[in-house]
Amino acid sequence: MRKSLLFIPICIGLAIFFYPTTSNTKENGSPGGKTDSPMDGQNCTGCHGGTINSGTGTAAITTNIPVAGYVIGNTYTITLTGVQSGIIKFGFELTAESGNNKTGDLMITDNTTKLANSNNAVTHKSSGTIGNSTKSWSMDWTPRANSIGSTTFYAALMFANGNGNDDSGDKVLTTSHSVNEEIINDINNLSAKGDFTFNTASKTIETQKTVEVYDISGKLVLTTTNNSTNVSQLKTGIYILKSSEKTQKIILN
């Protein structure tokens, strides 16, 4: 009798141990490196089943970066949207790259996303997976010195129908979106409005207005109202000059 009583809990324990379960990592976000970007080289199918880039459905990255381009040190909003009829659960990973570098700083703006891949990407949390045929996530991005020239955002999205049949019927879409840095030409004479100019040869700001100088991290390092201000004492690097009507990037060598 004692043996039979012992046999029952053992059977129950074995049944629980071997019962198939769904990995929590799917709902809690990507492990990183699954954006289908050139540097990552993998997408969501590295962890999930499902067919990549087939059938209906759309994935798109949009930004509030002006048509003229982004300015180093400014912060912009990046939005990723997936649309697929009948889908109730979504997931994603997004990154930014320029050449062979991860570029800029990605920042979390709500509790449905988190950073991944050594803070070089953003992915969903379990609180950010539920949708009804459409799902969007937003995050902030600040271009830095490694963002000079242009940047491309890459993302892979997971579309899950939640039918309980593992990954049957699920699929993955990939998308990308490229943006350019704003090109501001050096001008060596004052404008008609009396705004500032930067003389690259003498490293001098010439102005009839207040000009603020910011370093690449966005820290204010100098304010001047002088007609001529030499900035050669600043460390080498990239700086942003701003007046009430003009913004200009300069590079001190």
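Each reported figure results from applying straightforward, stated rules to the coordinates on display, with no laboratory input. What you see is a predicted model; the values in this text were computed from it and never measured. Cβ: placed from backbone, ideal geometry, glycine included. Neighbour counts: every protein chain shown.
Annotations for the structure displayed:
- Strands (runs of 3 or more DSSP E) enclosed by segment 40-101 - at least 2 residues per element that are out of contact with any His (no Cβ under 8 Å at 6 or more places or on another chain) and surrounded by fewer than 16 Cβ atoms within 10 Å (Cβ to Cβ): 76-83
- When segment 120-129 is filtered for residues that are out of contact with any helix residue (DSSP H, G or I) (no Cβ under 7 Å at 6 or more places or on another chain) and surrounded by 14 or more Cβ atoms within 10 Å (Cβ to Cβ), the ones remaining, listed by number, are 120, 121, 122, 123, 124, 125, 128.
- Among the residues making up segment 217-253, a single one is part of a loop (DSSP other than H, G, I, E, B) and touching a Gly at 6+ places or on another chain (Cβ under 6 Å): 218.
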